[in-house]
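The values are calculated or read from the model by the stated rules, or taken from the named source; none is laboratory data. On a predicted model such as this, the values are computed, not experimentally measured, just so you know. For neighbour counting, all protein chains shown are included, and Cβ atoms are generated from backbone atoms with ideal geometry for every residue, glycine included. Side chains are part of the model used for accessible areas, which takes the heavy atoms of the whole protein and leaves out ligands, DNA and RNA. Shrake-Rupley method; radii C 1.70, N 1.55, O 1.52, S 1.80 Å.
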Amino acid sequence: MNKEEILSIITDSSVGISKQKILLSDMNTADIAEIFEDLESEKIIRLFRILPKAIASDVFVCMDSDHQQLIIEALSNVEIGEIMNNLFIDDAVDFIEEMPANVVKRALKNVESEKRKIINRILRYPDDSAGSIMTTEFVDLQENATVREAFTTIRRTGLDKETIYNCYVIRSDRLLLGTVSAKTLMLARPKERIGDIMDTNVVFAHTTDDREAIADQFQKYDFLAMPVVDNEQRLVGIITVDDIVDVIVEEHTEDVERMAAIVPSDDPYLKTSIFQHARNRFLWMLILMLSATITGTIISSFENGLMVLPILMSFIPMLMNTGGIAGSQASTLIVRGIAVGEISLGDVLVIIWKELRVAMLCGLGLGLVNFIRVFVMNNKDVLLCITITLSLFCTIIMAKTVGGILPILAKRLKIDPAIMSAPLLTTIVDAVSLIIYFSIAKVILGL
């Protein structure tokens, strides 16, 4: 049954509640949340109330923040308590971070006191830290326990845990000793000690570690979950792969926006007001507009030469656009390499040498095509062809070299490399390409 057919059934007033409930119960929770996005507010609330309690909280997690707020404001305190107490800690924290103060106050008031303390503790961690995205719902085992006892513990507590595929071995003081997977437990003999089969080579995160660095660790080691410890290496939580996927999406979205000279925003495009969109874009547009003063000054300084040979003016857009594209290509690849850990700060000389060779190949190819084009279109003026072609060749070399170096320089200065890929690069390439162009024209054409 496709989405349209489901919508027609659940919006049909002649269809009974029991049939609608059965239909929704058989669907994936993410699909239910997607269906709700196309319904009116009253219908969403009515259908949410008929959802089985076993899946209502999962559907709530999949809904966007606007619909979550709608649900909380419409439900009773008892119903809110049922939802909040069934959420995993990390999902509850994500929800609370998105809500206005009045909704947060009401939601937390209906959470069990112990869970509320944990939520408040996690909310105190910095937004970009490992502690802010961890959950405290994990399976911990004692090293002296047997495999049989471990399974008993998992059966007793596993239902309320985020994951049972990885279990964490701790001492009585919660010091992290090792990990043991569900596969290892299932293949071990019942009387074996956990301490004998656990993996002691544990990769873990500290609560204050940057969450983007944690995402790199997940990618490197193919983790499903990673333990999080405090300064004394006591286990305080775990980070699961679903939260890391959210981090990767957020970080990459932020990089794309910065590369496009836009101030990053946490809100989706369609839910951001036109005034906020304008605010996010205005600053860099202003900077780039004012930076054009530099290129204008350079052109003005060669005004006499342009009066002698006006044809030179027609090639300026081509040089600046080609240089801009060449620089953006290089910077985009370097920013991406830095983001996924392929490129480090020590690779700057390798980058310069590689981009220099790439630029020479591109410059030779484009230069040859450009020489023929200018020769045919400008009465076979060889000196003009040489001037334009040589300027293009040098501009491409300059742009690709600068585009490769700027992200590395930004990383060394602890600035987001994505910032360098558009605003600053555009200004530098435009200005330097003009200087190269007019300097070569002055020498070859004698301006």
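Table for the structure above
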{"item": "Conditions (1) open to solvent by 40 Å² or more (accessible area, probe 1.4 Å); (2) part of a helix (DSSP H, G or I); (3) at pLDDT 80 or above; (4) closer than 30 Å to Q219 by Cα; number of the one not met by E342", "result": "(2)"}
{"item": "Extreme residue, nearest to V247 (Cα to Cα), among residues of the stretch 266-297 that are assigned to a helix (DSSP H, G or I) and charged (D, E, K, R)", "result": "K271"}
{"item": "Helices (runs of 4 or more DSSP H) wholly inside the stretch 1-108 containing at least 1 residues that are open to solvent by 70 Å² or more (accessible area, probe 1.4 Å) and closer than 30 Å to I238 by Cβ", "result": "29-36, 53-62, 65-74, 77-86, 89-98"}
{"item": "Test: K411 is part of a helix (DSSP H, G or I), in contact with an Asp or Glu (Cβ under 7 Å, 6 or more places away or on another chain), of a type in the set (D, E, K, R) and within 25 Å of T332 (Cβ to Cβ)", "result": "no"}
{"item": "Scope the stretch 375-393; condition in contact (Cβ under 8 Å) with a residue 24 or more places away in the chain, assigned to a helix (DSSP H, G or I) and more than 20 Å from A326 (Cα to Cα); matching residues", "result": "L383, L384, I386"}
{"item": "So L7, is it over 30 Å from K115 (Cα atoms), of a type outside the set (K, R) and in contact with an Asp or Glu (Cβ under 7 Å, 6 or more places away or on another chain)", "result": "yes"}
{"item": "Residue match in the stretch 111-127 (condition: within 22 Å of K161 (Cα to Cα), of a type in the set (K, R), modelled with pLDDT under 90 and loosely packed, with under 13 Cβ neighbours inside 10 Å)", "result": "no"}
{"item": "Matching residues in the stretch 208-262 - criterion: being more than 16 Å from the chain's Cα centre (by Cα), under 25 Å from A410 (Cα atoms) and in a helix (DSSP H, G or I)", "result": "K220"}
{"item": "When residues of the stretch 257-273 are limited to those that are among the hydrophobic types (A, V, I, L, M, F, W, C) and free of Cβ contacts under 8 Å to residues at least 60 places away in the same chain, the one nearest to F204 (Cα to Cα)", "result": "V263"}
{"item": "Extreme residue, modelled with the highest pLDDT, among residues of the stretch 355-391 that are surrounded by fewer than 20 Cβ atoms within 10 Å (Cβ to Cβ) and of a type in the set (S, T, N, Q)", "result": "N378"}
{"item": "Segments classed as helices (runs of 4 or more DSSP H), wholly inside the stretch 114-207, with at least 3 members that are closer than 24 Å to I244 by Cβ", "result": "182-187"}
{"item": "Cβ-Cβ under 8 Å pairs, at least 6 apart or on other chains, the stretch 1-21 side free of Cβ contacts under 8 Å to residues at least 24 places away in the same chain, far side part of a helix (DSSP H, G or I) and surrounded by fewer than 13 Cβ atoms within 10 Å (Cβ to Cβ)", "result": "I9/K19"}
{"item": "Enumeration of residues in the stretch 267-298 that are closer than 14 Å to T427 by Cα, open to solvent by less than 70 Å² (accessible area, probe 1.4 Å) and modelled with pLDDT of 80 or more", "result": "L286, T295, G296, I298"}
{"item": "Condition met for D430 (surrounded by 23 or more Cβ atoms within 10 Å (Cβ to Cβ), closer than 29 Å to E303 by Cα and acidic (D, E))", "result": "yes"}
{"item": "Count - residues of the stretch 323-333 that are open to solvent by 10 Å² or more (accessible area, probe 1.4 Å) and of a type in the set (A, V, I, L, M)", "result": "2"}
